[in-house]
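Q: Have a look at the structure that comes next, please.
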Amino acid sequence: MSDPRVRTETVVPTQATATLVGRVWLPGAGPRLVAVRDGRLFDVTTLGPTMADLVERDNPSRDVGTVLDQASDRTRSWVLADVLRATVSEADRRRGHDAAVEIEQTILLSPVDLQVLKAAGVTFVESMVERVIEERVGGDPTRAAEIRAQLGESIGSSIANIEPGSDAALAVLEVLRENGLWSQYLQVGLGTYPEVFTKGAVLSSVGHGSDVGIASISSWNNPEPELVLVVDSLGQARGATLGNDANLRDIEGASALLLPLAKDNNASGSIGPFIRLFDDGFSLEDAANTTITMRIDGEDGFELEATAPQSQISRSVRHLIAATVNRAHQYPDGLVLFCGTPFAPTKDRDADGMGFTHHEGDLVSISSPDLGTLVNRVTSSESAPRWDFGIRDLMASLNSSAEAKHEAFPS
């Protein structure tokens, strides 16, 4: 089977009308904004200079279309297939280096930049039950199957169709508490307020084709494929993409207070491959009703595939956005919101009863017919390339580009 990281026919969605934007690294120039058309990436940095700027425009999809319609032979562009191959090549070359390694080719980056990385948790019943299991077993995977069976008998059917925050949900929580089955995960899964946390620092996410990191302290972990919404400073969803909110089940299971350690590590969040901007042909409701497929291909021959409709989410995506950005909390550069995962892989891999955990070299593919396919290879956070390009570097890069433009076209 060919490497899914370079398969252009699946990386981008099949709809020809989709408005797709992203970011590439251009050696000597730094990050550039790009849009996809006819198998090429066109430089649309004039609409930026950052992705945060682009999505703040009154009608970003229309403006991107105008730039693409006006593109000529002089417009800087790249063949998408070439960029995908270069991205994988650079991931191979930079893997395992302790020091910064200069990027030598034009490669894909995470499509977001100044947006804050936020994530909602416990928004699907299946993953909510798995979080309760982690808590009950204290991060010990050997006891997971036993507790999973017990919980299935006691609470499985009673919470499947309850609206979080409703009187019925709060009543169920009280019954669970009285019977010793209350959990902090059930509280945020069924209670009034959702769990929304900061996944990582600004600019820390990795993009399609890069390695995704699992901290080496973990021996029980999994990918978390999710719909990711791109939200502007006013709380308006402007587009959607895919993400992997990789999780360390043993660490979070040992204590919920270790959530930052379980979630925020080098290369532990991937986003991409591109942002599909909302327009007349694709809305927030369309994104909220897409279907997501997860596939894991291990170097040991292990295979796992599962599909879930995003519509199974227990809280609406509009509710999650409203709970994240509001009068109590603003994000002047916008945010991206991981909407929670419908997946919690439990298939035994290494031994009976041990469930799933990642191996070095796993390829994780997260796909949607509307959003394309995000593919990352799994490595340790310690072996993934160091994160060495921060906000100061971005500002310096933008300043250098502005100075170069002024020298080329003096007033």
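Q: In region 99-106, is there at least one residue being touching a residue at least 12 places away in the same chain (Cβ under 8 Å) and open to solvent by less than 20 Å² (accessible area, probe 1.4 Å)?
A: No, region 99-106 has no match at all.
Q: Working only within region 185-215, note down all residues that are more than 24 Å from Ala254 (Cβ to Cβ) and among the β-branched types (Val, Ile, Thr).
A: Matches in region 185-215: Thr192, Val202, Val206.
Q: Inside region 308-323, can you point out the residues that are among the polar types (S, T, N, Q) and open to solvent by less than 10 Å² (accessible area, probe 1.4 Å)?
A: Within region 308-323, Gln310 is the sole residue that qualifies.
Q: Follow-up question, since we're still on this one. Residue by residue through region 233-245, note down the ones that are over 17 Å from Ser368 (Cβ atoms) and either modelled with pLDDT under 95 or in contact with an Asp or Glu (Cβ under 6 Å, 6 or more places away or on another chain) (or both).
A: Arg238
Q: So, one more: Step by step: first the residues of region 283-307, then only those that are without any contact (Cβ under 8 Å) to a residue 60 or more places away in the chain and small (Gly, Ala, Ser), then the one that is surrounded by the fewest Cβ atoms within 10 Å (Cβ to Cβ). Which residue is that?
A: Per the criteria, the residue is Gly301.
Q: Identify, please: which residue in region 209-240 is open to solvent by less than 10 Å² (accessible area, probe 1.4 Å), in contact with a Leu (Cβ under 6 Å, 6 or more places away or on another chain) and of a type outside the set (A, V, I, L, M, F, W, C) and is, among those, farthest from Ile296 (Cα to Cα)?
A: Gly239
Q: Against the conditions (1) farther than 28 Å from Val44 by Cα; (2) open to solvent by 10 Å² or more (accessible area, probe 1.4 Å); (3) in contact with a helix residue (DSSP H, G or I) (Cβ under 9 Å, 6 or more places away or on another chain), where does Glu134 fall short? Just the number, please.
A: (2)
Q: Can you name every residue in region 264-282 that is under 21 Å from Ser365 (Cα atoms) and either touching a helix residue (DSSP H, G or I) at 6+ places or on another chain (Cβ under 7 Å) or crowded, with 24+ Cβ neighbours inside 10 Å (or both)?
A: Once the filter is applied, which keeps residues that are under 21 Å from Ser365 (Cα atoms) and either touching a helix residue (DSSP H, G or I) at 6+ places or on another chain (Cβ under 7 Å) or crowded, with 24+ Cβ neighbours inside 10 Å (or both), region 264-282 yields Asn265, Ala267, Ser268, Gly269, Ser270, Ile271, Gly272, Pro273, Phe274, Ile275, Arg276.
Q: Can I ask one more? If I ask for residues that are within 14 Å of Thr19 (Cβ to Cβ) and in contact (Cβ under 8 Å) with a residue 40 or more places away in the chain, which ones from region 43-83 would you list?
A: Across region 43-83, the qualifying residues are Met51, Val55, Pro60, Ser61, Arg62, Val64, Gly65.
Q: Scanning for something in a loop (DSSP other than H, G, I, E, B), out of contact with any Asp or Glu (no Cβ under 6 Å at 6 or more places or on another chain) and open to solvent by less than 70 Å² (accessible area, probe 1.4 Å), does region 326-339 turn up at least one residue?
A: Within region 326-339, one or more residues are in a loop (DSSP other than H, G, I, E, B), out of contact with any Asp or Glu (no Cβ under 6 Å at 6 or more places or on another chain) and open to solvent by less than 70 Å² (accessible area, probe 1.4 Å).
Q: In addition: Can you list the strands (runs of 3 or more DSSP E) found entirely within region 166-245 that contain at least 3 residues being of a type in the set (Val, Ile, Thr) and in contact (Cβ under 8 Å) with a residue 40 or more places away in the chain?
A: Hits in region 166-245: 225-231.
Q: Only one residue in Thr87, Thr123 is of a type in the set (Ser, Thr, Tyr), touching a Leu at 6+ places or on another chain (Cβ under 8 Å), farther than 18 Å from Phe42 by Cβ and open to solvent by less than 10 Å² (accessible area, probe 1.4 Å). Which one?
A: Being of a type in the set (Ser, Thr, Tyr), touching a Leu at 6+ places or on another chain (Cβ under 8 Å), farther than 18 Å from Phe42 by Cβ and open to solvent by less than 10 Å² (accessible area, probe 1.4 Å) holds for just one of Thr87, Thr123, which is Thr123.
Q: Continuing with this model, one more query. Only residues that are over 16 Å from the mean Cα position of the chain (by Cα) and within 21 Å of Leu304 (Cα to Cα): list them for region 370-395, please.
A: Across region 370-395, the qualifying residues are Thr379, Ser380.
Q: How about region 82-99: which of its residues are under 15 Å from Ser381 (Cα atoms) and modelled with pLDDT of 85 or more?
A: Matches in region 82-99: Ala91, Asp92, Arg94, Arg95.
Q: Turning to a different aspect of this structure: Which one is most open to solvent (accessible area, probe 1.4 Å), of the residues in region 344-379 that are among the β-branched types (Val, Ile, Thr) and in a loop (DSSP other than H, G, I, E, B)?
A: It comes out as Thr346.
Q: For region 241-263: of the residues being of a type in the set (Asp, Glu) and surrounded by 24 or more Cβ atoms within 10 Å (Cβ to Cβ), which is nearest to Gln310 (Cα to Cα)?
A: This residue is Asp245.
The values are calculated or read from the model by the stated rules, or taken from the named source; none is laboratory data. Just so it is clear, the model here is predicted, and its values are computed rather than measured. Ideal geometry is used to build each Cβ from the backbone, glycine not excepted, and the neighbour counts take in all protein chains shown. Heavy atoms of the whole protein, side chains included, go into the accessibility calculation; ligands, DNA and RNA do not. Shrake-Rupley method; radii C 1.70, N 1.55, O 1.52, S 1.80 Å.
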